[in-house]
Amino acid sequence: MTDVQSYSGPNRVFSGIQPTGNLHLGNYLGALKKFVDLQAAGWTGIYCVVDLHAITQPHDPALLPDQTRQIAAAMLACGLDPDQSTVFVQSAVPAHAELAWIFNCVARMGWLEKMTQFKDKGGENSERVSVGLFDYPVLQAADILAYRATHVPVGEDQQQHLELSRNIAARFNQQYDAPGFFPEPEALIEGPGARIMSLKDGSKKMSKSDPSDLSRINLVDDRDTIARKIKKAKTDLLGDLPETEDGLEGRPEVENLVGIYSAFSGQSVEAVLAEFGGAGFGTFKPALAELAISHLAPITERMRAYMADPAEIDRALQKGAEKAHAISAPVIKEVRDVIGFWKS
Ligand code: TYM
């Protein structure tokens with residue numbers, strides 16, 4: 001057995017966002033807002049634009065650099081401070097791809113075959129999609145564990161991938177007789193922002209791939225567009241807002257709008273209903289629009305300013321890549337020792 005130091009370091013947060021099209025309210029409330037809240041609470045955070053993940057599906061190489069910068073711009077515009085947190089691009093740091101290969105030899109085919117996101121994205125075509133798409137969650141585990149991250153703020157759709165990361169960490173530790181070498185990372189999913197649904201169909205999650213732009217609020221939408229989308233958001237014919245949470249049962253669209261209000265305002269769903277219960281949507285929707293705009297408009301403006309100055313984004317990303325490399329390289333070195341690779 002190799003003599004390894006068991007992990008006993010501080011809590012460390014890692015999360016990633018793919019540079020594949022416009023960010024939307026689900027990405028903001030499910031992920032970005034949590035990153036900033038964790039930073040404010042003093043957590044050490046490492047935030048990554050996951051371009052290696054983005055190429056698992058067809059992409060346009062001419063667009064990828066700006067799509068990558070756009071996610072970085074959103075992270076910075078939401079309030080991540082490159083001095084306090086680490087903001088960088090996945091492909092700029094070699095640890096991700098290297099550890100992913102090693103984890104390919106730890107993860108089991110059967111584990112990956114259970115991944116529902118692969119089934120959804122691969123669809124009926126699973127014979128023809130890239131091996132990378134199948135392997136996607138293994139790379140995600142490598143992202144997290146290359147930094148020995150202990151906590152991962154994500155939306156609910158990532159829960160299964162996080163479970164897989166935990167299994168990979170545990171299996172590696174066991175296979176190499178190295179107890180505690182990798183922490184088993186915990187998903188930070190709680191809160192009303194974890195599952196934001198389509199504004200047009202309360203049974204579908206808000207997603208960048210939905211063909212209807214009215215189904216989502218994009219972080220680049222202007223104030224009027226946000227107000228119009230909320231005004232047009234689907235509700236139901238079951239009357240005004242209920243006064244208690246029980247009354248949201250069977251009303252997924254209404255539950256979603258109340259959840260969005262709660263996530264923005266920081267009030268519990270109960271408190272939102274105490275304020276708006278009995279009111280009609282003619283009252284609630286404008287209040288929600290105003291709240292959403294008051295949060296999003298300054299972010300959108302800052303995002304635009306960053307996008308107008310790509311050199312500033314690149315400077316932040318360069319610094320982030322250096323910080324990320326400095327944390328992950330020693331971990332990879334230890335992994336190599338544990339595995340028994342030749343040392344140069
Ligand atoms: P991605 O790029 O699809 O989404 C980024 C983040 O947004 C969250 N999210 C949502 N949250 C609430 N409601 C929604 N409708 C909604 N839609 C998206 C996602 O849960 C995610 O937190 N596999 C990841 C990227 C990744 C990663 C990682 C995340 C790669 N490596 C390591 C954490 C740790 C993904 O596809 O996210």
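In the structure displayed, which of K119/K232; K200/K285; K208/K319 lie more than 22 Å apart, Cα to Cα?
Check vs 22 Å cut-off fails for K119/K232; K208/K319.
Two decimals is fine: what is log10 I(q)/I(0) at q = 0.15 Å⁻¹ for segment 288-344, from a Debye sum with one equal scatterer on every Cα and no solvent?
Values returned for q = 0.15 Å⁻¹ are -0.67.
If all Cα-Cα distances of the chain are sorted into 10 Å bins from 0 onward, what percent lands in each bin, rounded to whole numbers?
All Cα pairs, binned at 10 Å, distribute as 5, 24, 31, 24, 12, 3, 1, 0 percent.
At a 1.4 Å probe, what is the % contribution of carbon and sulfur to the accessible area of the chain?
Accessible surface attributable to carbon and sulfur in the chain totals 51 percent.
At 1.4 Å probe size, with every protein chain present, just tell me what the per residue accessible area of segment 213-304 comes to in Å².
Accessible surface, normalised per residue, equals 48 Å².
Report, as a whole number in µm² per second, the diffusion coefficient that Stokes-Einstein gives for segment 208-249 at 10 °C and 1.306 mPa s using the Kirkwood radius over alpha carbon pairs.
Here the translational diffusion coefficient equals 128 µm²/s.
Just to check, using Stokes-Einstein with a Kirkwood Rh over alpha carbon pairs, what's the diffusion coefficient of segment 213-304 at 4 °C and 1.567 mPa s in µm²/s?
Rounded, D is 96 µm²/s.
Taking H placed 1.01 Å from N in the peptide plane, check which residues at least 5 places from R12 or on another chain put their amide H under 5 Å from its amide H.
Excluding prolines and chain starts, which carry no amide H, the hits are T150, H151.
Rounded to the nearest angstrom and ordered from largest down, what semi-axes does the equivalent ellipsoid of segment 95-154 get from its C-alpha gyration tensor (root of 5λ)?
22, 13, 10
Within 10 Å, at most 12 other Cβ atoms, and a DSSP state outside H, G, I, E, B define an exposed site. Report the longest part of the chain free of exposed GluC sites (Glu not before Pro).
1-126
Run the numbers on the chain and let me know its relative contact order in percent, using alpha-carbon pairs under 8 Å that are six or more apart.
24
Expressed as an acute angle from 0 to 90° and rounded to the nearest 10, what is the orientation of the C-alpha long axis of helix 64-78 relative to the principal long axis of the chain?
Once rounded, the angle reads 70 degrees.
Ignoring everything except DSSP H segments at least 4 long, calculate the 222 nm mean residue ellipticity for the chain; use -39,500 (n - 2.57) per segment, divide by total residues, nearest 500.
-15500 deg cm²/dmol
Among the listed pairs K114/K229; K34/K333; K205/K323; K34/K231, which are separated by more than 28 Å between their Cα atoms?
K114/K229; K34/K333; K205/K323
How high is the relative contact order of segment 213-304, given as a whole-number percent (alpha carbon pairs under 8 Å, six or more residues apart)?
Dividing the mean separation by the residue count of segment 213-304 yields 38 percent.
The values are calculated or read from the model by the stated rules, or taken from the named source; none is laboratory data. None of these values were measured; they are calculated from a predicted model. In this analysis, Cβ positions are derived from the backbone assuming ideal geometry, glycine residues included, and neighbour counts consider all displayed protein chains. The area values use the complete protein model at the heavy-atom level, side chains included, leaving out ligands, DNA and RNA. Shrake-Rupley method; radii C 1.70, N 1.55, O 1.52, S 1.80 Å.
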